[in-house]
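Trainee: Below is a structure I'd like to ask you about.
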Amino acid sequence: MMFKSSTVALLLVSGAVASPIWAREAKATKTESASKASDTASVYDWSDGWTKDYTVHQSCNATLRHQLVDGLNEAVQLAQHAKEHLLRFGNESEFVTKYFGNGSTSGPIGWYDRIVNADKTGVIFRCDDPDENCATQDAWAGHWRGENATSETVICPLSFEIRRPLSSVCGLGYNVANSKLNTFWATDLMHRILHVPVISESIVDHYAEDYPEALELAKTDPSKSPIDSDTLQYFAIDVYAYDIAAPGVGCTGKVEKATETTDDKAAATTTEAAKECHTHSDGAVHCS
Ligand SMILES: *[C@@H]1O[C@H](CO)[C@@H](O)[C@H](O)[C@H]1NC(C)=O
Ligand SMILES: *[C@@H]1O[C@H](CO)[C@@H](O)[C@H](O)[C@H]1NC(C)=O
Ligand SMILES: *[C@@H]1O[C@H](CO)[C@@H](O)[C@H](O)[C@H]1NC(C)=O
Ligand SMILES: *[C@@H]1O[C@H](CO)[C@@H](O)[C@H](O)[C@H]1NC(C)=O
């Protein structure tokens, strides 16, 4: 909570400055020399330039900036809680084995920590439409700029209309198994953040396309689970729901079998929507 509000304040003022939490850490770890040899010599500061905040571009006006800053803070909050659940319970948590199988918890802990604490210098979210995808593509809510600017993400007007805050998790008919990952700002932005090589090191990618596939991956190829974007999002929202939103209850839900009797046209549409705008980290297209 402290992290959340301080990050908002700073982003609103200046876009990208180290947070107060960070300032406190710096003070704690910096060593003051008892006998100062020189007042003028520049002292090496290993932490100089460590930008933990995401930058919201000037193209976002006050309203959009407010929504986006809240959403980014919630993405960080979601990652932070996922990390803490892993640290608290390890593989004794059923959520952990459900999503990460028999793999080490250090993998996902590391990726969530990169979302929270890695240096974000140059990682920018913008509200204009430099690649004209918001204007020309059907129902795009945003996209990673790919080869045009690998650290930049465009958030289209649609996002500002439909994304929900974390306070609504388990409400409005949401459940983890059947609802879309991008229902929330936090999950949607976690997804977009994981497309930025500065964060993903070009290692996190798409190995599962939906909830059943993420669970299957944990059983059959758990070494991929910590580097699967959907798995990281599903685990994070599932444990947020169970630990925070509806404590001890959650809203995992059960996969509702797609009715085999639906006509082919409907099935085709669903498939089309599901795979819409998914390209891997060497390609550019990415939206939802
Ligand atoms: C910001 O932009 C949005 C979308 O164009 C618009 O609806 C809103 O009124 C603007 N807000 C301000 C404060 O200008
Ligand atoms: C859980 O972790 C322990 C080590 O802490 C390990 O011995 C055990 O095999 C793990 N269980 C699973 C299901 O991965
Ligand atoms: C984990 O599970 C996978 C898939 O079942 C298996 O191939 C692998 O050997 C297991 N690893 C360990 C350390 O048990
Ligand atoms: C990159 O820019 C080119 C030229 O404007 C455009 O055609 C392409 O769609 C852009 N890529 C993305 C991912 O937006």
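Trainee: Would you mind finding the one in His206, His191 that is more than 13 Å from Leu78 (Cβ to Cβ), away from ligand 1 (no atom under 16 Å from the Cβ) and not aromatic (Phe, Trp, Tyr)? Break it down stepwise before answering.
Mentor: Numbers: His191 fails: more than 13 Å from Leu78 (Cβ to Cβ).
It is His206.
Trainee: Can you confirm whether the range 185-206 contains a residue that is of a type in the set (Phe, Trp, Tyr) and in contact with a Leu (Cβ under 7 Å, 6 or more places away or on another chain)? Before the answer, list the steps.
Mentor: Pass one, the range 185-206, residues of a type in the set (Phe, Trp, Tyr): 185.
Still in the list and also in contact with a Leu (Cβ under 7 Å, 6 or more places away or on another chain): none.
No, every residue in the range 185-206 fails to be of a type in the set (Phe, Trp, Tyr) and in contact with a Leu (Cβ under 7 Å, 6 or more places away or on another chain).
Trainee: Name the helices (runs of 4 or more DSSP H) wholly inside the range 132-205 in which the number of residues that are within 15 Å of the chain's Cα centre (by Cα) is 2 or more. Lay out the reasoning, then the answer.
Mentor: On the way: elements: 133-136, 157-162, 185-193, 197-200.
Helices (runs of 4 or more DSSP H) meeting the threshold: 185-193, 197-200.
A quick yes/no check of all residues on (1) touching a residue at least 60 places away in the same chain (Cβ under 8 Å); (2) among the basic types (Lys, Arg); (3) closer than 29 Å to Thr150 by Cα:
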site: Val176; (1), (2), (3): yes, no, no
site: Met190; (1), (2), (3): yes, no, yes
site: His195; (1), (2), (3): yes, no, yes
site: Ser200; (1), (2), (3): yes, no, yes
site: Glu209; (1), (2), (3): yes, no, yes
site: Asp230; (1), (2), (3): no, no, yes
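Trainee: If Ala82 satisfies every condition in (1) within 29 Å of Val154 (Cβ to Cβ); (2) in a loop (DSSP other than H, G, I, E, B); (3) of a type in the set (Gly, Ala, Ser) but one, which is the exception?
Mentor: That leaves (2) as the condition not met.
Trainee: For Gly103, only one of the following conditions fails: (1) more than 16 Å from ligand 2 (Cβ to nearest atom); (2) in contact with a helix residue (DSSP H, G or I) (Cβ under 7 Å, 6 or more places away or on another chain). What is its number?
Mentor: It fails just one condition, (1).
Trainee: Pick from the range 90-131 the residues that are outside any helix (DSSP H, G or I) and aliphatic (A, V, I, L, M): which of them is nearest to ligand 1 (Cβ to nearest atom)?
Mentor: Step one: filter the range 90-131 for residues outside any helix (DSSP H, G or I), giving 93, 101-105, 118-131.
If we keep only those that are aliphatic (A, V, I, L, M) as well, we get 118, 123-124.
Values: Ala118: 30, Val123: 22, Ile124: 18 Å.
So the residue we want is Ile124.
Trainee: Can you name the residue in the range 114-167 that is among the small types (Gly, Ala, Ser) and surrounded by 14 or more Cβ atoms within 10 Å (Cβ to Cβ) and is also nearest to Trp185 (Cα to Cα) among such residues?
Mentor: Taking the range 114-167 first, the residues among the small types (Gly, Ala, Ser) are 118, 122, 135, 139, 141-142, 146, 149, 151, 159, 167.
Narrowing further to those that are surrounded by 14 or more Cβ atoms within 10 Å (Cβ to Cβ): 118, 122, 141-142, 146, 149, 151, 159.
Numbers: Ala118: 20, Gly122: 21, Ala141: 11, Gly142: 12, Gly146: 21, Ala149: 22, Ser151: 19, Ser159: 8 Å.
My answer is Ser159.
Trainee: Which of the residues that make up the range 215-230 are more than 15 Å from ligand 3 (Cβ to nearest atom) and out of contact with any Gly (no Cβ under 8 Å at 6 or more places or on another chain)? First the steps, then the outcome.
Mentor: From the range 215-230, those more than 15 Å from ligand 3 (Cβ to nearest atom) are 227, 229-230; that's our starting set.
Passing the criteria: Ser229, Asp230.
Coordinate-derived values only; no laboratory data. Remember, it's a predicted structure, so these values are computed and weren't measured experimentally. No Cβ is skipped: glycine too gets one built from the backbone with ideal geometry, and neighbour counts run over all protein chains shown.
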